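Undergrad: The structure follows.
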Ligand SMILES: Nc1ncnc2c1ncn2[C@@H]1O[C@H](COP(=O)(O)OP(=O)(O)O)[C@@H](O)[C@H]1O
Ligand SMILES: [Mg+2]
């Protein structure tokens, strides 16, 4: 199957701290890949390499067959134009309505006529079930709706890839499940390639085609949810069960927390 995103032997250090120590990840077109791993293992750093916000010290990042790292600003911008990104905060603009927030990327990055923008914005809003909230401000909608507005906004530019960094954090279980179902619709109905960083094990097992488990700067295991769940690796078992006792090095590499083996 066609590879959409590829990291090859990616190494990245900040000062003397090696965060990625040779990471290989292959993501196929149309699949949902979940990145799992403890806090500070470099999941967000990995996402930032895929977006081209960071370049590796060594190794290679390819998106849709093209090299992202070291590419010109123009090439990076073009590749980035094929992606939608959803960070934790949702990053909606508080003084703009749902409608205006969703319309923003089209107004900023295209010269489409207003009636065409209106058509696309209404279509995305409807697809996400947000029509009744169209004229509300972000302050007056729920956390789950805010995330859906973020998705609607990302979809206006028809991304082939959507990257999510902890999309369900701060959501209650029902809202999280709404977002999980949305992830699955994006894959099944729109064939979007998705990369999702999450700590939410339920979400990971609900949406993932495959899971990449990162540990101490390396890929410890790649597999289907069943393969991860049935792994006999004690570190993976400790992580997915959320146990405090076990072999896992907690917060490996994060100087803001004590390095302890509990
Ligand atoms: N731009 C940066 N400069 C220095 N250190 C960074 C930078 N970005 C991330 N780090 C560090 O790299 C480590 C991994 O960060 P991150 O990818 O955000 O972890 P997580 O897996 O929790 O998303 C952390 O210890 C973080 O402090
Ligand atoms: Mg992170």
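Since every read-out is calculated from the coordinates, none of them should be taken as a lab result. As the structure is a prediction and not an experimental result, all values here were calculated from the model. When we count neighbours, we look across all protein chains shown, and the Cβ atoms used for this are built from the backbone with ideal geometry, even at glycine.
Undergrad: Grab the DSSP H runs of the chain that are 4 residues or longer, score each as -39,500 (n - 2.57), total them, divide by all residues and round the 222 nm result to the nearest 500 deg cm²/dmol.
TA: Using -39500 (n - 2.57) per qualifying helix, the result is -10500 deg cm²/dmol.
Undergrad: Give the Cα extents of region 1-43 along the principal axes, in whole Å, largest first.
TA: Principal-axis extents of region 1-43 (Cα, largest first): 38, 20, 10 Å.
Undergrad: Of the residues 159, 132, 225, which exhibits the maximal mean-square fluctuation in a Gaussian network model of the chain defined by a 10 Å Cα contact cut-off?
TA: Checking each option, the largest mean-square fluctuation is seen for 132.
Undergrad: Additional query: With axes computed from alpha carbons, what is the tilt in degrees of helix 173-190 against the longest principal axis of the chain, rounded to the nearest 10 within 0 to 90?
TA: Taking Cα atoms only, the helix is inclined about 80 degrees.
Undergrad: Right, here's the next one. Taking the Cα atoms only, what angle lies between the long axis of helix 114-127 and the longest principal axis of the chain, rounded to 10 degrees?
TA: The angle comes out near 50 degrees.
Undergrad: Among bridges DSSP assigns within the chain, what percent are antiparallel (round to 5)?
TA: Counting DSSP beta bridges with both partners in the chain, the antiparallel share is about 60 percent.
Undergrad: Something else now. What is the chain by shape, rounded, prolate or oblate, if you read a ≥ b ≥ c off the alpha carbon gyration tensor as root eigenvalues and call it rounded for a/c under 1.5, prolate for a/b larger than b/c, and oblate otherwise?
TA: It comes out prolate by the Cα gyration axes.
Undergrad: Okay, next question. Stokes-Einstein diffusion coefficient for region 1-128 at 37 °C in a medium of 0.692 mPa s, Rh from the Kirkwood formula over Cα pairs: what value in µm²/s?
TA: Reported coefficient: 195 µm²/s.
Undergrad: Mind telling me which of 111, 122, 62 comes out most flexible in a GNM of the chain, alpha-carbon contacts under 10 Å?
TA: Most flexible of the set in this elastic network: 111.
Undergrad: Among 12, 158, which comes first, then next, by fewest other beta-carbon atoms within 10 Å?
TA: In increasing order of surrounding Cβ atoms, one gets 158, 12.
Undergrad: In a GNM of the chain with a 10 Å cut-off on Cα contacts, which of 224, 109, 46 has the highest mean-square fluctuation?
TA: 109
Undergrad: How big is the gap, in Å, between the Cα center of region 1-65 and the Cα center of region 200-244?
TA: Their Cα centres are 17 Å away from one another.
Undergrad: Hey, another quick one. Cα axis of helix 143-155 to longest principal axis of the chain: angle in degrees, 0 to 90, nearest 10?
TA: 80 degrees
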